[in-house]
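This report refers to the structure that appears directly beneath it.
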Amino acid sequence: MRSYLLTFWKILDPLYYSLTRLEHIGIFRVRLTTYKGGDVLLNDGTLIKKNDKLVKIHLHNIQLLSELKTVSSSVKRGRIIFRKVHMSLPLLAEFIHNHNRKHEIKGAIGISMLHKGVEKLGFETYLPSNQLYRFYKKMTHIPLFLLSKEQPQFSKIPDTNYLFISKEKLKNIYSRNIDSD
């Protein structure tokens, strides 16, 4: 059943991608977004407020699920995802640096059930304050959760968290000869 769902998703994915404003960067799909949540003060002093510009990052889930379908160990799967994200973050730093609105962009945001160990990558996690939004995101992540597990258990569906990284922190950790502006 999982293989049929993955095949169906692979067919629909190019249509979804063509209808969105997403750009492909490494394992990410990204787009500029206007933040609509509550104020968040990051550890480096960056204050993210409503209506700030952020780069929204999405993992390219169908690509990941296809690559990980033969990996049975959850630890090994986690390491592979970690490595792919780590390799894509310099590309994200470069994307922001070359963006025509780079001076408005404060950082990057993702929303994910995969948030264990993201601090090692430079991200900070925050639980969305809006309960309804949190419930909605958890419900939208259930199909992904079910497809990613051999024997998924509804009782073990993790919370969905915001992942933030400031533009400066991203540049300081992952820049490849990006000069300051």
Looking at region 46-53, is at least one residue without any contact (Cβ under 8 Å) to a residue 40 or more places away in the chain, loosely packed, with under 13 Cβ neighbours inside 10 Å and among the polar types (S, T, N, Q)? yes
Flag for Leu121 being under 25 Å from Gly37 (Cβ atoms) and in contact with a strand residue (DSSP E or B) (Cβ under 7 Å, 6 or more places away or on another chain): no
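Quick grid of which residues meet (1) part of a loop (DSSP other than H, G, I, E, B); (2) surrounded by 15 or more Cβ atoms within 10 Å (Cβ to Cβ):
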residue: Arg77; (1), (2): no, yes
residue: Lys84; (1), (2): no, yes
residue: Met87; (1), (2): no, no
residue: Leu91; (1), (2): no, yes
residue: Glu94; (1), (2): no, yes
residue: Arg101; (1), (2): yes, no
residue: Lys106; (1), (2): no, yes
residue: Lys116; (1), (2): yes, no
residue: Lys120; (1), (2): no, no
Taking only pairs six or more apart or across chains, which ones have beta-carbon atoms under 7 Å, a first residue in region 77-92 that is closer than 13 Å to Glu67 by Cα, and a second residue that is at pLDDT below 90 and aliphatic (A, V, I, L, M)? Arg77/Leu68; Arg77/Val71; Ile80/Leu68; Ile80/Val71; Ile81/Leu64; Ile81/Leu114
Could you tell me how many of the residues in region 131-181 are assigned to a loop (DSSP other than H, G, I, E, B), open to solvent by less than 70 Å² (accessible area, probe 1.4 Å) and at pLDDT below 65? 2
Checked against (1) out of contact with any strand residue (DSSP E or B) (no Cβ under 6 Å at 6 or more places or on another chain); (2) open to solvent by less than 30 Å² (accessible area, probe 1.4 Å), Thr70 satisfies every condition except (2)
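The values are calculated or read from the model by the stated rules, or taken from the named source; none is laboratory data. Quick caveat: nothing in here was measured; it's all calculated off a predicted structure. With ideal geometry, Cβ positions are generated from the backbone for all residues, glycine too; neighbour counts draw on all protein chains shown. Areas reflect the complete protein model, heavy atoms only, side chains present, ligands, DNA and RNA absent. Shrake-Rupley method; radii C 1.70, N 1.55, O 1.52, S 1.80 Å.
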